[in-house]
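Worksheet: the structure to be examined is printed underneath.
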There are 2 protein chains.
Amino acid sequence: MTIIVGMGRWLPDARGRLAVAAMELYAERGFEQTTVAEIAARAGLTERTFFRHFSDKREVLFAGGDLLQEAIVSAVQAAPQSAAPIDAMAAGLDAAAAFLEEGGDFPRKRQAIISANPELQERELIKLAGYGVAIAQALRERGVGDPTASLTAEAGIAVFRVAFERWTSASEPAQLAELMHHSLTELRAVVGAVAA
Amino acid sequence: MTIIVGMGRWLPDARGRLAVAAMELYAERGFEQTTVAEIAARAGLTERTFFRHFSDKREVLFAGGDLLQEAIVSAVQAAPQSAAPIDAMAAGLDAAAAFLEEGGDFPRKRQAIISANPELQERELIKLAGYGVAIAQALRERGVGDPTASLTAEAGIAVFRVAFERWTSASEPAQLAELMHHSLTELRAVVGAVAA
């Protein structure tokens, strides 16, 4: 199964089994109607094991976010020192795309669950805002001043959000990295289109 | 007092007095330590009157957000049909600046309270995301397709956030409208700075 292959790279062993079980149950019954006891039972593990890996059932959906943020920030930091801020940001977006595409079906399934629940949507917004703060900080450490650092990070998050939304809602399979590039090109066209 | 003059335009009579009392108490004691009973007492009104105007003490800080969103969306809708999406968005940003500058000291005081409380920061993020959704919708109604509508709205929110943050943290008085224009120009420079 793609989801297991994909998630296996992120979440080995017990953690991965718990996550797969949780995602199945969230999709079948809804997030709110699923209990930790049910997730543990489906994974053939105990509740105690669940809580060794996740603080609560919401954390199953958001634990990967820290790894995603780390992947983006590392790529921004690793960009050549000569790279313009937006190029460093674009390297971060490529890293995000690679990370998410490794997740197989997981990010799409996860998105469907989040879209159905306002509380989860709020948590997602807060995570995204956190990425923006972390990226701006990584840019400042590269010597980028403000407001350039903040604006570059916010622009990157805007590109990410739009591309990710297109990716998860696409009926045809699409490459996320390509959608990110399209979105950045589109953003450039959009903000360049002002009468002088 | 500037705050009363400013807020009076938004919040007349009992509502305005309650808001002023709440803001004073939030600043003196902190948001969490302030009760509705104390706000009502400071305003010389009853708790019942408070609840006729606000659903809870958090609402004092966020009620104006709906008016701000309305001001932005109306300006986007009212832009000439020939205006490019980003020009319509810029008209919305000008409307936001005018609205917030009418508030005198209120927006800055409010921001200080929100910055001190993670729960309020989350609420603020959710409000901002809501503005983005409403602006994108207003652009679609002008005939702008996706992803242009979403990207323009997200870019506008990015410009707004950065300009607003500079405005509220500025030691010297600054014009918000001017900071918005600077931020948009800066965003244009930032995303245009990619090597072709």
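The values are calculated or read from the model by the stated rules, or taken from the named source; none is laboratory data. Bear in mind the structure is a predicted one, so any value in this text is a computation, not a measurement. Here the Cβ positions follow ideal geometry from the backbone for every residue, glycine too, while neighbour counts run over all protein chains shown.
Filter segment B:158-195 down to the residues that are among the β-branched types (Val, Ile, Thr), in a helix (DSSP H, G or I) and surrounded by fewer than 20 Cβ atoms within 10 Å (Cβ to Cβ) and list them by number. Give the steps one after another, and end with the answer.
Applying the first criterion (among the β-branched types (Val, Ile, Thr)) to segment B:158-195 yields B:159, B:162, B:168, B:185, B:190-191, B:194.
Narrowing further to those that are in a helix (DSSP H, G or I): B:159, B:162, B:168, B:185, B:190-191.
Within segment B:158-195, B:Thr168, B:Thr185 meet the criteria.
Going residue by residue through segment A:105-123, is there one that turns out to be within 8 Å of chain B (Cβ to nearest Cβ), more than 24 Å from B:Ala84 (Cα to Cα) and modelled with pLDDT under 90? Give the steps one after another, and end with the answer.
So in segment A:105-123, the residues within 8 Å of chain B (Cβ to nearest Cβ) come out as A:122.
Within this subset, residues satisfying the condition of being more than 24 Å from B:Ala84 (Cα to Cα) are A:122.
Right, trim to modelled with pLDDT under 90 and you get A:122.
Within segment A:105-123, one or more residues are within 8 Å of chain B (Cβ to nearest Cβ), more than 24 Å from B:Ala84 (Cα to Cα) and modelled with pLDDT under 90.
Quick check on my filter: what residues within segment B:17-51 are under 24 Å from B:Lys127 (Cα atoms) and free of Cβ contacts under 8 Å to residues at least 12 places away in the same chain?
Hit for segment B:17-51 is B:Gln33, nothing else.
Taking B:Ser82 as meeting all but one of (1) surrounded by 21 or more Cβ atoms within 10 Å (Cβ to Cβ); (2) farther than 23 Å from A:Glu122 by Cα, write down the number of the exception.
(1)
Please tell me if A:Ala83 is small (Gly, Ala, Ser), modelled with pLDDT of 90 or more and either touching a Lys or Arg at 6+ places or on another chain (Cβ under 6 Å) or assigned to a helix (DSSP H, G or I) (or both). Walk me through how you get there before you give the answer.
On the way: small (Gly, Ala, Ser): yes; modelled with pLDDT of 90 or more: yes; either touching a Lys or Arg at 6+ places or on another chain (Cβ under 6 Å) or assigned to a helix (DSSP H, G or I) (or both): no.
Criteria not met by A:Ala83.
What is the number of the single condition among (1) touching a Leu at 6+ places or on another chain (Cβ under 6 Å); (2) more than 25 Å from A:Pro118 (Cβ to Cβ) that A:Phe50 does not meet?
Among (1) touching a Leu at 6+ places or on another chain (Cβ under 6 Å); (2) more than 25 Å from A:Pro118 (Cβ to Cβ), A:Phe50 violates only (2).
Out of the residues in segment B:53-80 that are at pLDDT below 95 and among the small types (Gly, Ala, Ser), which is farthest from B:Val144 (Cα to Cα)?
Of everything passing the filter in segment B:53-80, B:Ser55 is farthest from B:Val144 (Cα to Cα).
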